[in-house]
Amino acid sequence: MDDHPLVRYADGPAGRRARLIGGPDVWEVVAVAHDNDGDLRETAAYLELPLGLVQAAAAYYGSYPKEIEERIERNRREALETHAAFLAGRKALAQ
């Protein structure tokens, strides 16, 4: 990881993922940056992270966009599925 010294890999239930040292996963930072129209300062402020860590996440994303976009999409899909299951459970309990 010489090109990205502030990024390490972490293993978890969803597999191996890029994670900022002392911070969140890279995909989480990039998702917030997308929501802030790519404004890294706004992203840093929202996440309460040093700007340097947000810049490191952006640099990693620049090198590995497909990896990060796949992780963002997986999270979006899982959130939709979880919400649908919650709504179905509520509906079943209301009967």
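Just need a number here: residues in the stretch 60-71 that are surrounded by fewer than 16 Cβ atoms within 10 Å (Cβ to Cβ) and either among the hydrophobic types (A, V, I, L, M, F, W, C) or within 15 Å of residue 38 (Cα to Cα) (or both).
Residues in the stretch 60-71 being surrounded by fewer than 16 Cβ atoms within 10 Å (Cβ to Cβ) and either among the hydrophobic types (A, V, I, L, M, F, W, C) or within 15 Å of residue 38 (Cα to Cα) (or both): 3 in total.
When you check residue 89 against the structure, is it open to solvent by less than 60 Å² (accessible area, probe 1.4 Å) and either farther than 23 Å from residue 3 by Cβ or touching a residue at least 60 places away in the same chain (Cβ under 8 Å) (or both), yes or no? Quick ask: steps written out before the conclusion?
Values: open to solvent by less than 60 Å² (accessible area, probe 1.4 Å): yes; either farther than 23 Å from residue 3 by Cβ or touching a residue at least 60 places away in the same chain (Cβ under 8 Å) (or both): yes.
The answer is yes for residue 89.
Going by what's in this entry, would residue 81 be described as over 13 Å from the mean Cα position of the chain (by Cα), assigned to a helix (DSSP H, G or I), charged (D, E, K, R) and surrounded by fewer than 11 Cβ atoms within 10 Å (Cβ to Cβ)? It would help to see each step written out before you state the result.
Details: over 13 Å from the mean Cα position of the chain (by Cα): yes; assigned to a helix (DSSP H, G or I): yes; charged (D, E, K, R): yes; surrounded by fewer than 11 Cβ atoms within 10 Å (Cβ to Cβ): yes.
For residue 81, the condition - over 13 Å from the mean Cα position of the chain (by Cα), assigned to a helix (DSSP H, G or I), charged (D, E, K, R) and surrounded by fewer than 11 Cβ atoms within 10 Å (Cβ to Cβ) - is met.
Here's a check for you: in the stretch 12-27, which residue that is out of contact with any Asp or Glu (no Cβ under 7 Å at 6 or more places or on another chain) and among the charged types (D, E, K, R) is farthest from residue 73 (Cα to Cα)? Even if it seems obvious, please write down each step before you answer.
Going through the stretch 12-27, the residues out of contact with any Asp or Glu (no Cβ under 7 Å at 6 or more places or on another chain) turn out to be 12-16, 20-27.
Filter once more, so that each one left must be among the charged types (D, E, K, R): 16, 25.
Numbers: 16: 16, 25: 14 Å.
Within the stretch 12-27, the match that is farthest from residue 73 (Cα to Cα) is 16.
Please determine, by comparing only the residues of the stretch 4-17 that are outside any loop (DSSP other than H, G, I, E, B) and either touching a helix residue (DSSP H, G or I) at 6+ places or on another chain (Cβ under 7 Å) or free of Cβ contacts under 8 Å to residues at least 12 places away in the same chain (or both), which one is most open to solvent (accessible area, probe 1.4 Å).
Of all residues in the stretch 4-17, those outside any loop (DSSP other than H, G, I, E, B) come to 7-10, 17.
Now restrict to residues that are either touching a helix residue (DSSP H, G or I) at 6+ places or on another chain (Cβ under 7 Å) or free of Cβ contacts under 8 Å to residues at least 12 places away in the same chain (or both): 7, 9, 17.
Numbers: 7: 1, 9: 86, 17: 52 Å².
Among residues in the stretch 4-17 that are outside any loop (DSSP other than H, G, I, E, B) and either touching a helix residue (DSSP H, G or I) at 6+ places or on another chain (Cβ under 7 Å) or free of Cβ contacts under 8 Å to residues at least 12 places away in the same chain (or both), the one most open to solvent (accessible area, probe 1.4 Å) is 9.
The values are calculated or read from the model by the stated rules, or taken from the named source; none is laboratory data. Given the structure is predicted, the values throughout are model-derived calculations rather than measurements. Please note: Cβ atoms are built from the backbone with ideal geometry, for glycine as well, and neighbour counts cover all protein chains shown. Keep in mind that these areas ignore ligands, DNA and RNA; they rest on the heavy atoms of the full protein, side chains included. Shrake-Rupley method; radii C 1.70, N 1.55, O 1.52, S 1.80 Å.
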